[in-house]
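K.L.:
Encoded as structure tokens, here's the structure I'll be asking about.
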Amino acid sequence: MFSIVSSLLSNTQGAPENFWLSEQASTVAESVDITFFVITWICYFFFALIVALLVIFAVKYRRTSPDITVSGPTHNTALELTWTIIPLILVVVIFTVGMNGYLNLREAPEGCYEVSVTGQKWTWTFDHPQYGATQVGELTVPVGKPVRLLMTSNDVIHSVWIPDFRVKMDVIPGRYTSLWFEATKVGDYILNCTEYCGKDHSAMLAWVHVVPEDEFDGRMKKLASEYVDMSVGQLPAYAINRLYNRCQSCHSLDGSESTGPSFKGLWDRVSSGDVAFTSGEKLSGLLGDTTTYGVPENYIRESIVDPQGHIVQGYLGSMPSFQGQLKDKQITAIIEMFKHLRDVTDAAGNITVNTDGTPRQ
Ligand code: CUA
């Protein structure tokens, strides 16, 4: 039945775009669109029918003389059965199709490729546990393979919406939600936040890169190990793009106060020893030969792997340890990022370079 309907509604088939809906780029897109258009055309039909009858009856049965009196309408069994049974059949069909589509969208198939998604004002982070790779603001997935997103939020309610895939799901702090899709075409698709989440809600976008399956494995492996062959000079751009997203909810780049000290000017404070701890010690007393740290780089390293070791005055020390989560070279990258923060951010704390060191526009 639906193939007949869809061929009648030729604008739902074949054409990449139409007036109402964007490109169809996932396995569920076509059936979602058919459901949408069937309901839309039912509405068109009844709108036209009711308006036409209204006009015809208003003209035909208008009062032509003030003397005319008529008896009020009584009931008409055939008419009442018609206007009850036909809509009943229509809503049962709509419910069945809608319920089938809903169950299909809610239940991910076996053997999905899993991605962990974190929403946070106002970025999307995508972790690929299978590869140990992390992407921010972009998500690479293979074509023709079901992908399941396991999603949560670090702050407020967000919502993932990939219009071309016809999938949408809320992303909620303190619990997990999931969503699945299977992309049918190689290409780049936009992912929106579709739950109002504050000032930069409208900028909370990400690209979904759908790549051929034989390229996917290589790309993810490269992403997971891209820093391994980088020179020290390349590390600040890598760290600010690939690692800072895990710091940003507590450490600002523009000097503003947050859960932890701002990264702006941090290297100047640390290298001069101008940091006071809750223990009463000063960092300057712990630097230099025959001391705890020797060089200030060791203090930063300790702050990452053992954040409770020395807590800066005025802060609660709520940072978790990143021991085991970051490789030594990634810690070096973060230290290099502090040293060269002015080269990778502007005065307002915006990131100015891409991972490969090219300027961001
Ligand atoms: Cu996140 Cu709107």
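K.L.:
Considering only residues of segment 204-225 that are charged (D, E, K, R) and over 27 Å from residue 32 (Cβ atoms), which is nearest to the ligand (Cβ to nearest atom)?
P.N.:
If we take residues in segment 204-225 being charged (D, E, K, R) and over 27 Å from residue 32 (Cβ atoms), then 219 is nearest to the ligand (Cβ to nearest atom).
K.L.:
Does residue 93 satisfy the condition of being away from the ligand (no atom under 16 Å from the Cβ) and either surrounded by 18 or more Cβ atoms within 10 Å (Cβ to Cβ) or part of a helix (DSSP H, G or I) (or both)?
P.N.:
When the stated conditions are applied, residue 93 passes them.
K.L.:
Which residues, counting only those in segment 285-323, are in a loop (DSSP other than H, G, I, E, B), more than 36 Å from the chain's Cα centre (by Cα) and over 21 Å from residue 265 (Cβ atoms)?
P.N.:
288, 289, 290, 291, 292
K.L.:
Let me ask something else. Restricting to segment 118-137, count the residues that are touching a Phe, Trp or Tyr at 6+ places or on another chain (Cβ under 9 Å) and within 16 Å of the ligand (Cβ to nearest atom).
P.N.:
Residues that pass the stated criteria total 3.
K.L.:
Continuing with this model, one more query. Select from segment 297-331 the residues that are in contact with a Pro (Cβ under 8 Å, 6 or more places away or on another chain) and of a type in the set (A, V, I, L, M) and write down the one among them that is surrounded by the most Cβ atoms within 10 Å (Cβ to Cβ).
P.N.:
Filtering first and then ranking leaves 319.
K.L.:
Quick one: would you say residue 142 is closer than 30 Å to residue 218 by Cα and either more than 16 Å from the ligand (Cβ to nearest atom) or touching a helix residue (DSSP H, G or I) at 6+ places or on another chain (Cβ under 6 Å) (or both)?
P.N.:
Taking the combined requirement at face value, the residue satisfies it.
K.L.:
Against the definition (more than 16 Å from the ligand (Cβ to nearest atom) and without any contact (Cβ under 8 Å) to a residue 40 or more places away in the chain), how does residue 231 come out, yes or no?
P.N.:
yes
K.L.:
Between a residue in segment 153-178 that is over 20 Å from residue 102 (Cα atoms) and any residue that is polar (S, T, N, Q) and not in a strand (DSSP E or B), which pairs come within a Cβ distance under 7 Å, given they are 6 or more apart or on different chains?
P.N.:
154/249; 173/154
K.L.:
If you go through segment 261-271 one residue at a time, how many are assigned to a loop (DSSP other than H, G, I, E, B) and farther than 11 Å from residue 349 by Cβ?
P.N.:
Within segment 261-271, residues that are assigned to a loop (DSSP other than H, G, I, E, B) and farther than 11 Å from residue 349 by Cβ number 2.
K.L.:
Scan segment 105-117 and give yes if some residue there is in contact with a Ser or Thr (Cβ under 9 Å, 6 or more places away or on another chain), over 23 Å from residue 27 (Cα atoms) and within 16 Å of the ligand (Cβ to nearest atom), otherwise no.
P.N.:
no
K.L.:
Oh, and also: Can you spot a residue in segment 168-175 that is farther than 27 Å from residue 109 by Cβ and not acidic (Asp, Glu)?
P.N.:
yes
K.L.:
Name the single residue that is farthest from the ligand (Cβ to nearest atom) among those in segment 184-203 being touching a Ser or Thr at 6+ places or on another chain (Cβ under 7 Å) and under 13 Å from residue 171 (Cβ atoms).
P.N.:
So the residue we want is 194.
K.L.:
What pairs can you find where one residue is in segment 21-37 and part of a helix (DSSP H, G or I) and hydrophobic (A, V, I, L, M, F, W, C), the other is at pLDDT 90 or above and buried (at least 19 other Cβ atoms within 10 Å of the Cβ), and their Cβ atoms are less than 6 Å apart, with a gap of 6+ or different chains?
P.N.:
Matching pairs, first to second residue: 29/166; 32/166.
K.L.:
Got a number for residues in segment 155-183 being under 23 Å from residue 33 (Cα atoms), within 16 Å of the ligand (Cβ to nearest atom) and either of a type in the set (Gly, Ala, Ser) or in contact with a His (Cβ under 7 Å, 6 or more places away or on another chain) (or both)?
P.N.:
Counting residues in segment 155-183 that are under 23 Å from residue 33 (Cα atoms), within 16 Å of the ligand (Cβ to nearest atom) and either of a type in the set (Gly, Ala, Ser) or in contact with a His (Cβ under 7 Å, 6 or more places away or on another chain) (or both) gives 1.
The values are calculated or read from the model by the stated rules, or taken from the named source; none is laboratory data. Predicted, not measured: the structure shown is a model, and the values here were computed from it. Methodologically, a virtual Cβ is constructed for each residue, glycine included, from the backbone with ideal geometry; neighbour enumeration extends over all protein chains shown.
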